[in-house]
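What follows is a single structure, written as structure tokens, with notes after it.
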Amino acid sequence: MGRRNVTLLRAFAAAENLVRDHVDEGGSLLSAPNIVTVTWSRDPNPATRNVIGDNIGASTYCNSEYGVGRATGGTANHFSSTAPPPATFSAADIDSCVSTNISNGTWPASTPNTM
């Protein structure tokens, strides 16, 4: 198994650990998630993040275990900020960053299926 495949497997395993204890709170499921991958200029491996975003939605991880529809990603949904990331991010900072980049057209408009 190549180094790239090992890296991807580790990333998928990390993502699985993050949602393993998910509790269904009665909300709707995404029927056709659209994954937008955002990386920063200092990210040492943005290509890996893009591959994960592009492929996790087609995996059985999302589709069979959680009942989420097949997700799509792709190069049209890859965005890399040329600015360095802030040292820390609060939830409000993330909301502001997303809103600003959608409003100014840098990132695609949000839909009910955008992740």
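Before moving on, here are some points about what is shown:
- Checked against (1) closer than 27 Å to G27 by Cβ; (2) touching a strand residue (DSSP E or B) at 6+ places or on another chain (Cβ under 8 Å); (3) modelled with pLDDT of 85 or more, S81 meets all criteria but (1).
- Of residues in region 99-115 being farther than 16 Å from H78 by Cβ and of a type outside the set (G, A, S), the one nearest to the chain's Cα centre (by Cα): N113
- Candidate set from region 84-110 (those that are among the hydroxyl-bearing types (S, T, Y) and surrounded by fewer than 10 Cβ atoms within 10 Å (Cβ to Cβ)); member that is farthest from S28 (Cα to Cα): T88
- Restricting attention to region 79-98, the residues being of a type in the set (S, T, Y), under 17 Å from the mean Cα position of the chain (by Cα) and not in a loop (DSSP other than H, G, I, E, B) number 1.
- Filtering region 58-78 for residues that are part of a helix (DSSP H, G or I), surrounded by 13 or more Cβ atoms within 10 Å (Cβ to Cβ), aliphatic (A, V, I, L, M) and within 16 Å of the chain's Cα centre (by Cα) leaves a non-empty set.
The values are calculated or read from the model by the stated rules, or taken from the named source; none is laboratory data. Bear in mind the structure is a predicted one, so any value in this text is a computation, not a measurement. So basically every Cβ, Gly included, is an ideal-geometry build from the backbone, and we count neighbours across all protein chains shown.
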